[in-house]
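> Below is one structure. I have some questions about it.
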């Protein structure tokens, strides 16, 4: 499976976890679990963007 597709799948799974976790914590966006998931998603998005830029710059 393509690396970029794998990242997209991980991001989507984490987004669903984030929604569930936020609901479970009364939408307290400062809750440690909510923050942790949000930071993980941010990290993967940046990684995906860098990966995409690497591909386009080598073409």
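Here, each number is a calculation from the coordinates, and none is a lab measurement. Here the structure is a predicted model, which means the values were calculated and not measured. Here the Cβ is made from the backbone with ideal geometry for all residues, glycine too, and neighbour counts use every protein chain on show.
> Run the Debye formula on the Cα coordinates of the stretch 3-58, all scatterers equal and no solvent, and tell me log10 I(q)/I(0) at q = 0.20, 0.22, 0.29 1/Å.
Listed by q, the Debye log ratios stand at -0.69, -0.77, -1.06.
> What is the distance, in nm, between label points placed 7 Å from the Cα along the Cα-to-Cβ direction at residue 19 and at residue 46?
Taking the two extended label points, one gets 2.6 nm.
> Pairing the Cα long axis of helix 32-58 with the longest principal axis of the chain, what angle in degrees results, from 0 to 90 and rounded to the nearest 10?
10
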